[in-house]
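The next block holds one structure in the form of structure tokens; read it before the comments.
The values are calculated or read from the model by the stated rules, or taken from the named source; none is laboratory data. Because the structure is a prediction, the values reported are computed rather than measured. Don't worry about glycine lacking a Cβ; one is built from the backbone with ideal geometry, like all the others, and counts go over all protein chains shown.
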Amino acid sequence: MVVPLISEDVTVDPSAFLGEYGGYIDELAVVAKAVSGETLYQSSIAPSMLDKENFFERFSNIAKYLDIRTYAVVHAFLDKLFHRKFKSVSLNAEEIPVPETGFICPNKKGYWKYLAEMLVEIAGLQISGIILLDFRFPWRKYCFCTECIRDFRMLEDLPVYFHYELLEERIDLYERWLKWRSKILSDALKYLVNRMSCLGKNVPVIVEVILDPLSEMIDGVFEYFGQDLEELSKLVDGFVLNVFPFSTFDKDAITDDVFTSIISLNKPIYLLYTKNLTKDEFEILKEIAKIVDAKKIFIKFTQIAS
Amino acid sequence: MKAVYSFGITELDEALGGGLEDGSVTILEDEMGVFSDILLSYFIARGLKRGDDVIVLLTEHPIQYYVNMINILGVRADVAMEVGKLVFIDAFLSPFTVSRSIQRTKFAIRNVGSLSDIRQTLQSAIQSLGETDRLRIVIDSLSQFLPPMTQSPQPAAIFLQQQHVERNERGGVLLALVHRDGHSPHIVRSIEYIADIVLRMCFSESEKNRKDVLLYVLKTNDPLLFEKLQNKVFICSYKQNRLLIHEKDKIII
């Protein structure tokens, strides 16, 4: 099933949209927190986007009335508002496929609380689940901000001049660094889920996983993005595979083997496609959906409309 | 065109051309009993709602007092403090609360008579924000820096002058409260000269409307705006946790 994703740049009136398409859809995903750090709902924590202060609520309330399930999409560690304050730092920045402008270091505990309180607000709206996008480190070799250097240095009793080259020289240390880094993400997710559980309402959480040859498909997410899928699967209700966000579609790169590790986790898998979509690409998406038994494909509304 | 910092009160913001202009120093004069701290709370809450960084220097209230008022206005002050968007500087001169308040803020001024202490603490607070695009500094109140609380008005005047230069160079705005009825007129006048914008909240002097709280714009740094505002009077009322400000004799629906 194709589920329209309404992003922050869409200038559509919720009632007009649902009036026109409501009869054809059962589910809907709407951005609740944008990359800019602004919210599309009335928040007491984050600034609301100008002219879209009630955008999300209007969608979710009308959708509820029409028996359409709404998913709230939240850009977790991509936040331009807090980027300067909590930015993710690479000491040895290699070229990354997309500019990482706006990534927050996932090790910032103050930001966890901020995000958790925001998720509590969102969970209180008429939603059927939360999709956490950008719940990851931006790329390999991140993060080397002051806190990350200090924390890992103290954990491993490393010299003050600890830097990435030292990790490259010692493979055992590099592996421990990767593990430490992935634990930060797992701990952050645990914190968020625990905070939401205080509401006494079960809100399913789905985490984005990047599927792209540039980051070595699913096997690369641990090294590139710090995501330990096995650990995360204990806390989430599903994964959404963001298909080829950096590269152009390559049918040959998609084989059954690619998905073995994620399928073995026995969690629902969904697909997300955020780029311009051609008919051929849609066919490939359907093939992937078959392999991973994905029941939903989230596609930007603008793509569906075009 | 310079950025502006709004209060979130439509009629006041419109009158001020959108709000306080970036780089400006504003004095809000009040008198006993008018709800000037609520106007300051609006300014703080509006800043947090727009994603601005806010520093609040308190000399007359505990931090919790403002935290409660900001919460009432629909902004979670505790979360804003946690992520460093809202920073309090405690200069509330009680030996009992100073030690307690330090648990809530890293920044405390123990001697409000010391200009260097105030300046250094404010600088540290600004540095703690990291790189910032938009900064609001709110002081409640500057009266503690002025006679009869201190020996001379000079430190307060120098502080405002320094802020005038700093805000002009680095951006951001400063809004400071002064209790007009707590000082001799020439002292208030001396700091009015330094400020870019002067607002005054006071009770009506007419026998008929003695309970009305009025707001005047006594000075702005924009001559055209000042020409428009110099004879205008705004009426302020506070009902059901909402501060309403409208032009006198203008009917609001």
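Observations on the model:
- Residue count for region B:45-88 under the criterion of being farther than 27 Å from B:M32 by Cβ and either free of Cβ contacts under 8 Å to residues at least 60 places away in the same chain or more than 11 Å from chain A (Cβ to nearest Cβ) (or both): the result is 15.
- Residue, nearest to the other protein chains (Cβ to nearest Cβ), within region A:44-59, restricted to residues that are among the hydrophobic types (A, V, I, L, M, F, W, C) and crowded, with 18+ Cβ neighbours inside 10 Å: A:I45
- Verdict on A:K64 being within 14 Å of chain B (Cβ to nearest Cβ) and not aliphatic (A, V, I, L, M): no
- Residue check, A:K85 charged (D, E, K, R), within 14 Å of chain B (Cβ to nearest Cβ), in contact (Cβ under 8 Å) with a residue 12 or more places away in the chain and within 30 Å of A:L178 (Cα to Cα): no
- Cβ-Cβ distances below 8 Å connect the following pairs, each with a first residue in region B:209-238 that is part of a loop (DSSP other than H, G, I, E, B) and β-branched (V, I, T), a second residue that is modelled with pLDDT under 85 and buried (at least 16 other Cβ atoms within 10 Å of the Cβ), and a separation of six or more residues or different chains: B:T220/B:L229; B:V233/B:E247.
- Annotation: A:K179 fulfils all but one of (1) buried (at least 17 other Cβ atoms within 10 Å of the Cβ); (2) part of a helix (DSSP H, G or I); (3) more than 18 Å from the chain's Cα centre (by Cα); the unmet one is (1).
- Selection count where residues are touching a residue at least 12 places away in the same chain (Cβ under 8 Å) and either assigned to a loop (DSSP other than H, G, I, E, B) or surrounded by fewer than 18 Cβ atoms within 10 Å (Cβ to Cβ) (or both), scope region A:24-43: 11
- Those residues of region A:225-258 which are part of a loop (DSSP other than H, G, I, E, B) and under 19 Å from A:P138 (Cβ atoms), in sequence order: A:G226, A:Q227, A:D228, A:F244, A:P245, A:F246, A:S247
- Taken over region B:57-90, residues that are touching a Pro at 6+ places or on another chain (Cβ under 9 Å) and within 22 Å of A:K85 (Cα to Cα) amount to 0.
- The one condition in (1) surrounded by 14 or more Cβ atoms within 10 Å (Cβ to Cβ); (2) basic (K, R); (3) more than 14 Å from chain A (Cβ to nearest Cβ) that B:R134 fails to fulfil: (3)
- For region A:140-157, a residue qualifies if it is in a loop (DSSP other than H, G, I, E, B) and surrounded by 14 or more Cβ atoms within 10 Å (Cβ to Cβ), and the qualifying residues are A:R140, A:K141, A:C143, A:F144, A:C145.
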